[in-house]
2 protein chains.
Amino acid sequence: MLESLVQKNDRKIVLLVLDGIGGLPVKDGRTELELAKTPNLDTLAKRSALGLHLPVDQGITPGSGPGHLGIFGYNPLSHQIGRGILEALGLGLEVSDRDIAIRGNYATVERVGGRLIVKDRRAGRIPTEENKRITSKLSEAIREVDGVEVFFSPGMEHRVTLLLRFPEELPEGSDRIRDTDPQKEGLEPLLPEGENEASERVASVVKKLLQRVEELLSEEPRANYLLLRGFSQKPKMESFEKRFGLKACAIAVYPMYRGLASLVGMELISFEGQSIKDQISTLKRVWEDYHFFFLHIKKTDSYGEDGNYEGKIRVIEEFDAHLPNILELNPQVLVITGDHSTPSVLKGHSWHPVPVLLHSPYVLGGTSERFTERECLKGELGIFPAEKLINLMLAHSLRLAKFGA
Amino acid sequence: MLESLVQKNDRKIVLLVLDGIGGLPVKDGRTELELAKTPNLDTLAKRSALGLHLPVDQGITPGSGPGHLGIFGYNPLSHQIGRGILEALGLGLEVSDRDIAIRGNYATVERVGGRLIVKDRRAGRIPTEENKRITSKLSEAIREVDGVEVFFSPGMEHRVTLLLRFPEELPEGSDRIRDTDPQKEGLEPLLPEGENEASERVASVVKKLLQRVEELLSEEPRANYLLLRGFSQKPKMESFEKRFGLKACAIAVYPMYRGLASLVGMELISFEGQSIKDQISTLKRVWEDYHFFFLHIKKTDSYGEDGNYEGKIRVIEEFDAHLPNILELNPQVLVITGDHSTPSVLKGHSWHPVPVLLHSPYVLGGTSERFTERECLKGELGIFPAEKLINLMLAHSLRLAKFGA
């Protein structure tokens, strides 16, 4: 329904994501946002629409994938991203409709009476450095199999991510391939087997690839085999521009978030530096070229995950100091929110609703004093599903026609 | 989706149901909860997550069945409990997968030209004492029919509940049997007819049973026949433990609520006495044996139904006095709520959202001064569907894995 109402115009929308921004009381009964000194956010909050979004559902803690899909306007339950694809994105690999992403473990196998037996599914958790050496060896030796390009990317310890790039777009279901990890030591590795014609074709390439890997690793003392699981392809998602009529770009530092933005077809802006200041300069540089700007600030989440509430507060304060530079651009709609909460006391993502600030000329405002969890509860947006945020951004930029006569 | 995220641990959850707790203004513009003096609840409310749950939908008044199923985490629309089953539960009959429960009315019939005609569908609303005498007579004379055990239980006036217990589990749909009550006087009673093979088998037992009842009642002046309706079997519901990984028990006095808890597989705790104090002593006694404790307090609803707001206030105050004894156990999650509202001014169940208090270390708190309808509106949980309460209880006891990477 929403999409049938979308009409285009040139008004600008900024979606500013402070990753993991929501928190819980950490000191004197106050949360990170409450403890932070944020004069600019305070002023803005007083004349903005406030509320909280529910990333997936009551009580559900989202990963970064579902957390971002929701605020991008894609239902996180009906658009699930395979683990292999997410790992690939996190490693900075670009994924396309021609790709199959796979999570791999280096493992130790042994021949026992002609049978190959898995002795250690994690190759004794080899050091990351050893992983890098082995992965480089594979990368150099195996560039393609049967015309399919192969990319290897080392992870931590025994983990590695593979990407197979086929010469043409793959049909849906091409990733329906059985894991080769038998999940238990003392068993034979399984063969990759496809569930359908398309995935059987992919599986046959994987079989040949595994033979070459086995030969190349045969002299390794520990990592002499590769177990594969989580075969996945890029989820079919209608692009952000097609769906919402917005030419969109992402100004993000970390590969995972650049990857998530690229999944919905946002353009990725390259820029020097990694600071909030660098991101805002970049925003100014590309201001005329897009309608929608996704700015992703990571460190609020990183400090939350570490349980370092003082660090989280510092990032909030740093952001606050830069806020006037964004307001200077005078976007029609500015949204400040997170993809999920990361309370320092939980040292991880959580299920708590996420504060939302929406600034536009068409809000009530005056409900709240600050941009904090408790002040957002008093706001005019209430507690609403994350995927409805796009409705609000479109409406406030006057891009939604009337529904019905 | 929820169920795929559940992980087990030993943290304790208490779900304390004050039946029909929600109210409306009764005096000086204040509700029962607002008029009650509740120093302990007030203190707890200040540091808890508050909100209101919507039992079924806006404007929908739930019976006790849907009211409880919702807060147990079962969608009350997709899990409907047959009237016969609910009546049986209310009478304290245990129901199993081998049972068919039936609602009966004693009726007066007359033979007119060889045809049996219903003269009075309610047998002149015979006194309950007469019902008891007649039901005892039937109970003694008819213990089984064709190897199927038969239980009779007298209700008020002309009402009676029957339970047929078959030797083995009944397939689904065995209760699809036409009512024998013609719904109008002057008509013949209908024959019980099954819609399918399984229910036809049940119907044939019912026919034989009815013949014997007719013979036994032939000398009765008024209650000389039995009309049957609401054939129902125990709904197939995945057990609470299977679904949510929680070993659960019910500490409830009244048969209906014990029955509802047993429908989802909670264990029923036996105990002496009927007071809130007795229930809390029982909670302490079994504290080590379960993860989830459903405590049901009935009298808030009973007084509400009577329109006796002072009585309702007294029960709330009595509960408040005992609250410290529950807190002493230090549950990881304590929820205080109702299954629905029963405003004294309406003298019955109502559709109004029901106050919820959730106490756990992982809440914001500080939003509200008391546990009342109006203070709960300010809380961090908002107004949410009753069936999402289980998500919150699981999340706050750290039992839900992250959704997506």
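Brief remarks on what is shown
- Of B:GLU110, B:GLU140, B:GLU129, B:GLU144, all but one fail to be farther than 16 Å from B:GLU214 by Cα and assigned by TED's automatic domain parsing to the domain that holds B:PRO167; the exception is B:GLU129.
- All of (1) crowded, with 24+ Cβ neighbours inside 10 Å; (2) modelled with pLDDT of 95 or more; (3) in contact with a helix residue (DSSP H, G or I) (Cβ under 9 Å, 6 or more places away or on another chain) hold for B:ALA107 with one exception: (3).
- Sub-6 Å Cβ pairs linking a first residue in region A:207-228 that is surrounded by 14 or more Cβ atoms within 10 Å (Cβ to Cβ) to a second residue that is of a type in the set (Gly, Ala, Ser) and assigned to a loop (DSSP other than H, G, I, E, B), at least 6 apart or interchain, are A:ARG222/A:ALA123; A:ARG222/A:GLY124; A:ALA223/A:ALA123, ordered by first then second residue.
- For B:GLN274, the criteria (1) farther than 17 Å from B:LEU86 by Cα; (2) in contact (Cβ under 8 Å) with a residue 24 or more places away in the chain; (3) in a loop (DSSP other than H, G, I, E, B); (4) within 21 Å of the chain's Cα centre (by Cα) hold in every case but one, which is (2).
- Set side by side, the residues B:LYS247, B:LYS208, B:LYS234 differ, and just one is touching an Asp or Glu at 6+ places or on another chain (Cβ under 9 Å) and within 16 Å of B:PHE293 (Cα to Cα), which is B:LYS247.
- Selection status of A:ILE71, in the same structural domain as A:GLU157 (by TED's automatic domain parsing) and either small (Gly, Ala, Ser) or in contact with a helix residue (DSSP H, G or I) (Cβ under 8 Å, 6 or more places away or on another chain) (or both): no
- Filter result for A:LEU52 (modelled with pLDDT of 95 or more, within 11 Å of another protein chain (Cβ to nearest Cβ) and surrounded by 23 or more Cβ atoms within 10 Å (Cβ to Cβ)): yes
- On the stretch given as region B:371-402, residues that are crowded, with 23+ Cβ neighbours inside 10 Å, facing another protein chain (nearest Cβ under 9 Å) and in a loop (DSSP other than H, G, I, E, B) total 3.
- Counting residues in region A:256-268 that are part of a helix (DSSP H, G or I), of a type in the set (Lys, Arg) and under 26 Å from A:LEU86 (Cα atoms) gives one or more.
- A:VAL145 vs. criteria within 26 Å of the chain's Cα centre (by Cα) and either closer than 28 Å to A:MET266 by Cα or buried (at least 17 other Cβ atoms within 10 Å of the Cβ) (or both): no
- A single member of A:ASP10, A:ASP19, A:ASP42 is farther than 30 Å from B:SER360 by Cα and either more than 14 Å from chain B (Cβ to nearest Cβ) or touching a strand residue (DSSP E or B) at 6+ places or on another chain (Cβ under 8 Å) (or both), and it is A:ASP10.
- Residue match in region B:14-24 (condition: in a strand (DSSP E or B), surrounded by 24 or more Cβ atoms within 10 Å (Cβ to Cβ) and touching a His at 6+ places or on another chain (Cβ under 6 Å)): yes
- Where A:PRO127 falls short, out of the listed (1) closer than 29 Å to A:PRO66 by Cα; (2) under 27 Å from the mean Cα position of the chain (by Cα); (3) not aliphatic (A, V, I, L, M): (1)
- B:PRO355, sole failed condition from (1) under 22 Å from B:GLY67 (Cβ atoms); (2) facing chain A (nearest Cβ under 10 Å): (2)
- Sole residue being aliphatic (A, V, I, L, M) and not assigned by TED's automatic domain parsing to the domain that holds A:ARG122, chosen from A:LEU246, A:LEU209: A:LEU246
- Cβ-Cβ distances below 7 Å connect the following pairs, each with a first residue in region A:165-185 that is assigned by TED's automatic domain parsing to the domain that holds A:GLU195, a second residue that is surrounded by 17 or more Cβ atoms within 10 Å (Cβ to Cβ) and among the hydroxyl-bearing types (Ser, Thr, Tyr), and a separation of six or more residues or different chains: A:GLY173/A:SER199; A:SER174/A:SER199; A:ASP175/A:SER199; A:ASP175/A:SER232; A:ARG176/A:SER199; A:ILE177/A:SER199.
- Considering the conditions (1) surrounded by fewer than 23 Cβ atoms within 10 Å (Cβ to Cβ); (2) more than 14 Å from chain B (Cβ to nearest Cβ); (3) within 18 Å of A:SER64 (Cβ to Cβ), A:PHE294 is excluded by exactly one of them, (1).
- Some residue of region A:290-303 being farther than 26 Å from A:HIS352 by Cα, within 21 Å of the chain's Cα centre (by Cα) and not in a loop (DSSP other than H, G, I, E, B): yes
- Identity of the residue in region A:338-350, more than 10 Å from chain B (Cβ to nearest Cβ) and buried (at least 24 other Cβ atoms within 10 Å of the Cβ), that ends up farthest from A:GLN279 (Cα to Cα): A:SER344
- Output for region B:323-348, where each listed residue is out of contact with any Pro (no Cβ under 8 Å at 6 or more places or on another chain) and over 18 Å from B:SER48 (Cα atoms): B:THR342, B:PRO343, B:SER344, B:LEU346, B:LYS347, B:GLY348
The values are calculated or read from the model by the stated rules, or taken from the named source; none is laboratory data. Remember, it's a predicted structure, so these values are computed and weren't measured experimentally. Quick reminder, even Gly has a Cβ in these numbers, built from the backbone with ideal geometry, and neighbours come from all protein chains shown.
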